[in-house]
Amino acid sequence: MRRGPSGGLGEIAVDITTEIPTSYRALFTIPGFPRLVGSMMLARTASTMVSLVLVLFALERYHSPGLAGLVTFLAIFPGLMVSPIAGALLDRHGRTRLMALDYGVAAGRVSVVEPGTDRVSPPPRKREGEVKLLAVGSVIPRKGYDVLVAALARLRQLPWRLIIAGDYGRSPQTSRRLRAEIARLGLADRITLLGAVTPGELSPLYASTDLFVLPSRFEGYGMAYTEAIAHGVPVIGTTAGAVPQTVPADAGVLVAPDDVEALTATLQRLIANPHERERLAAGALAAKFPSWSEQAALFARVLEGLA
């Protein structure tokens with residue numbers, strides 16, 4: 001089983017691999033992988049030794065701890081630059097590639113069955129007055145609620161109200177911090193934390209929402225985004241993980257994760273501009289996602305192929 005967008009249980013697992021190693025030791029069965037690991041360890045050891053020699057040389061020749069520190073920084077600076085670039089490139093390889101790298105399974109032996117999304121007939125939404133915002137997802141660091149609250153704190157002059165529907169028991173420390181920050185900013189009367197909700201409780205929330213916003217730091221798929229879009233709700237998300245592949249360009253606006261400035265500007269534009277919300281809502285209504293019945297049939301075909 002897999003947790004739903006608000007933290008409850010209700011969906012079957014949908015990422016199917018034809019073979020899952022029992023541990024990372026299975027990586028060493030990949031041809032050439034042990035030699036690669038050995039080379040990496042030797043390279044790391046050599047890099048550490050070079051850094052140590054440079055530091056000792058700077059101290060011996062120039063008697064300058066400051067220079068020794070600068071030398072150490074310059075020695076590790078290439079790694080600091082390459083790591084985020086490598087992470088960004090990996091992020092763009094998609095879910096199949098990420099799974100293949102994580103489990104050591106050849107990409108050709110991985111089948112991905114994405115969650116289904118059932119279309120609903122949303123009611124007409126008002127164009128004026130208070131804008132109702134909705135965020136759905138467990139209250140954990142990855143969902144970026146701290147970024148959302150920081151952005152909304154800068155938009156007190158606009159008419160908005162936010163509901164966060166998501167389990168706040170999975171990370172009690174994150175929940176405490178979020179509540180404390182909401183209180184500190186004086187937003188307790190405008191932000192409501194509902195906790196985990198049932199599917200029956202969630203559907204009316206989508207129906208009464210003007211704008212869905214979730215500045216997640218990573219999503220392997222993003223079911224909450226597709227559910228909002230299926231209800232004809234325009235969304236604000238991020239460019240993290242699989243969100244750009246999940247959210248159609250004409251149904252939502254994506255900003256970089258952890259970018260409070262960009263999120264604030266996007267919220268301000270959409271809260272203040274009902275015509276822009278209507279344009280994105282039309283894009284949401286036109287979006288096409290496979291249904292649960294279609295994905296269940298695909299799931300069955302994958303299982304039949306394993307028999």
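None of the figures in this text is laboratory data; all of them are computed from the coordinates on show. Because the structure is predicted, anything quoted here is derived from the model rather than measured. Every residue, glycine as well, gets a Cβ built from its backbone with ideal geometry; the counts of neighbours run over all protein chains shown.
Kindly put D146, D118 in sequence by how many other C-beta atoms sit within 10 Å of each C-beta, fewest to most.
Details: D146 16, D118 11.
Starting with the residue having the fewest Cβ neighbours, the order is D118, D146.
Shape verdict for the range 122-178, please, from the Cα gyration tensor: rounded (a/c under 1.5), prolate (a/b greater than b/c) or oblate.
Working: a/c = 3.39, a/b = 1.64, b/c = 2.06.
Oblate shape, in that a/c is at least 1.5 and b/c is the bigger or equal ratio.
Compare the peptides 149-156, 171-178 by average per-residue count of other Cβ atoms within 10 angstrom and give them in order, highest first. Could you put the intermediate results ahead of the total?
Numbers: 149-156: 18.1, 171-178: 15.4.
Highest to lowest by the protection proxy: 149-156, 171-178.
For the range 217-306, what does the alpha-carbon gyration tensor say about shape, rounded, prolate or oblate, given a ≥ b ≥ c as the root eigenvalues, a/c under 1.5 as rounded, and a/b over b/c as prolate?
On the way: a/c = 4.08, a/b = 1.78, b/c = 2.29.
Cα axes put the range 217-306 in the oblate bin.
Please give the charge dipole size of the range 243-307, origin at the Cα centre, charges +1 on K and R Cβ atoms and -1 on D and E Cβ atoms. Round to the nearest 20 debye.
In total the dipole reaches around 200 debye.
How many angstrom lie between the Cα centre of the range 117-186 and the Cα centre of the range 242-270?
Centre-to-centre distance over Cα atoms comes out at 15 Å.
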